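The values are calculated or read from the model by the stated rules, or taken from the named source; none is laboratory data. It should be emphasised that the depicted structure is a prediction, and the values quoted were computed from it without experimental measurement. A quick note on method: Cβ atoms are made from the backbone with ideal geometry, for glycine too, and the neighbour counts reach across all protein chains shown. These accessible areas exclude ligands, DNA and RNA; they are computed on the full protein's heavy atoms, side chains included. Shrake-Rupley method; radii C 1.70, N 1.55, O 1.52, S 1.80 Å.
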Amino acid sequence: MKKLLTVLLAAFTLNSGAAVVQDFKGDPPTYTFNLGGLAGVGVVDSRAGFALLGTAAAKIINKGFAGDINNQVFLEAAFGPLFVAGVTAFQYGFHLRWDFVKDEDWTFYGVGGLGGVITGSAYSPIPAGPTKASSMFYPRFAVGAMWGLFPMANLRFELSHELIALGVVFLL
């Protein structure tokens, strides 16, 4: 009985290892453009509000910087309103998105680039303080995941210092 359990455990371990080795392997996806949207919590001046961003991305590197795994690099832009403190600001980002394709269902990514917020003259950085128009510019770093909801659409989640959002991305 002990030998049988040892053989079964060894077979299970080898089989599990074979499945893990196949993750992040394979040919790159064929799509070259993405269009999508994100909605969630945006932050400006340590104040949170509702953010709604449109995104557009173009693949610039089909086989990314890590040669052994399935990865691509996209140039992405995001822009949209941020409703905070009764005022509408505009949040934007221009960055590289580095996708790591685990399998046909999951893609994980990292973002690095530039972002910012533009506020109108009705915005006050201090509650009940003076109002003024302003613009903020900062480095933008984020992590995220995309889940293959349909063949040409993914559910997307992103987390950064200025945004926690959920959305959809269409693969073109």
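Out of all the residues in the range 78-98, is one or more more than 30 Å from Ser124 (Cβ to Cβ), touching a residue at least 12 places away in the same chain (Cβ under 8 Å), over 13 Å from the mean Cα position of the chain (by Cα) and surrounded by fewer than 18 Cβ atoms within 10 Å (Cβ to Cβ)? Let's see the steps before the verdict.
Pass one, the range 78-98, residues more than 30 Å from Ser124 (Cβ to Cβ): 96-98.
Narrowing the set further to residues that are touching a residue at least 12 places away in the same chain (Cβ under 8 Å) leaves 96-98.
The next check asks that each one be over 13 Å from the mean Cα position of the chain (by Cα); those that pass are none.
Within the range 78-98, none of the residues are more than 30 Å from Ser124 (Cβ to Cβ), touching a residue at least 12 places away in the same chain (Cβ under 8 Å), over 13 Å from the mean Cα position of the chain (by Cα) and surrounded by fewer than 18 Cβ atoms within 10 Å (Cβ to Cβ).
Of all residues in the range 105-122, which are in contact (Cβ under 8 Å) with a residue 40 or more places away in the chain and under 15 Å from Val44 (Cα atoms)? Write out each step before concluding.
Just the residues of the range 105-122 that are in contact (Cβ under 8 Å) with a residue 40 or more places away in the chain, to begin with: 105-107, 111, 115, 117, 119.
Hits for the range 105-122 are Gly115, Val117, Thr119.
Which one is modelled with the lowest pLDDT, of the residues in the range 149-158 that are surrounded by 13 or more Cβ atoms within 10 Å (Cβ to Cβ) and out of contact with any Ser or Thr (no Cβ under 8 Å at 6 or more places or on another chain)?
We begin by selecting, within the range 149-158, every residue surrounded by 13 or more Cβ atoms within 10 Å (Cβ to Cβ); these are 149, 153-158.
Remaining after also requiring out of contact with any Ser or Thr (no Cβ under 8 Å at 6 or more places or on another chain): 149, 153, 155-158.
On the way: Leu149: 86, Ala153: 96, Leu155: 98, Arg156: 98, Phe157: 98, Glu158: 98.
Looking at residues that are surrounded by 13 or more Cβ atoms within 10 Å (Cβ to Cβ) and out of contact with any Ser or Thr (no Cβ under 8 Å at 6 or more places or on another chain), I get Leu149.
Name the single residue that is nearest to Ala153 (Cα to Cα) among those in the range 61-74 being of a type in the set (A, V, I, L, M, F, W, C) and open to solvent by 40 Å² or more (accessible area, probe 1.4 Å). Can you show your working first?
The initial filter retains those residues of the range 61-74 that are of a type in the set (A, V, I, L, M, F, W, C), namely 61, 65-66, 69, 73-74.
Within this subset, residues satisfying the condition of being open to solvent by 40 Å² or more (accessible area, probe 1.4 Å) are 61, 65, 69.
Values: Ile61: 21, Phe65: 25, Ile69: 23 Å.
This residue is Ile61.
Filter the range 1-39 for residues that are open to solvent by 80 Å² or more (accessible area, probe 1.4 Å), of a type outside the set (D, E, K, R) and at pLDDT 85 or above and give the result.
Matches in the range 1-39: Thr30, Phe33, Leu35.
Could you list, in sequence order, the residues of the range 102-126 that are in a strand (DSSP E or B) and either under 13 Å from the mean Cα position of the chain (by Cα) or exposed (fewer than 12 other Cβ atoms within 10 Å of the Cβ) (or both)?
Initial filter on the range 102-126 (in a strand (DSSP E or B)): 106-119.
Correct list: Trp106, Thr107, Phe108, Tyr109, Gly110, Val111, Gly112, Gly113.
Collect the residues in the range 58-84 that are aliphatic (A, V, I, L, M) and touching a Lys or Arg at 6+ places or on another chain (Cβ under 6 Å), keeping them in residue-number order.
Val84
Answer yes or no: is there a residue in the range 127-141 that is crowded, with 18+ Cβ neighbours inside 10 Å and in contact with a Phe, Trp or Tyr (Cβ under 9 Å, 6 or more places away or on another chain).
Residues of the range 127-141 crowded, with 18+ Cβ neighbours inside 10 Å: 140.
Those still in the list that are in contact with a Phe, Trp or Tyr (Cβ under 9 Å, 6 or more places away or on another chain) too: 140.
Yes, the range 127-141 contains a residue that is crowded, with 18+ Cβ neighbours inside 10 Å and in contact with a Phe, Trp or Tyr (Cβ under 9 Å, 6 or more places away or on another chain).
If Ala145 passes every condition in (1) open to solvent by 50 Å² or more (accessible area, probe 1.4 Å); (2) within 22 Å of Ala56 (Cβ to Cβ); (3) not aromatic (Phe, Trp, Tyr) but one, which one does it miss?
Every condition holds for Ala145 apart from (1).
Condition first: within 16 Å of Val169 (Cα to Cα), surrounded by 16 or more Cβ atoms within 10 Å (Cβ to Cβ), among the hydrophobic types (A, V, I, L, M, F, W, C) and over 13 Å from the mean Cα position of the chain (by Cα). Can you find one or more residues in the range 40-60 that meet it?
Yes, the range 40-60 has at least one match.
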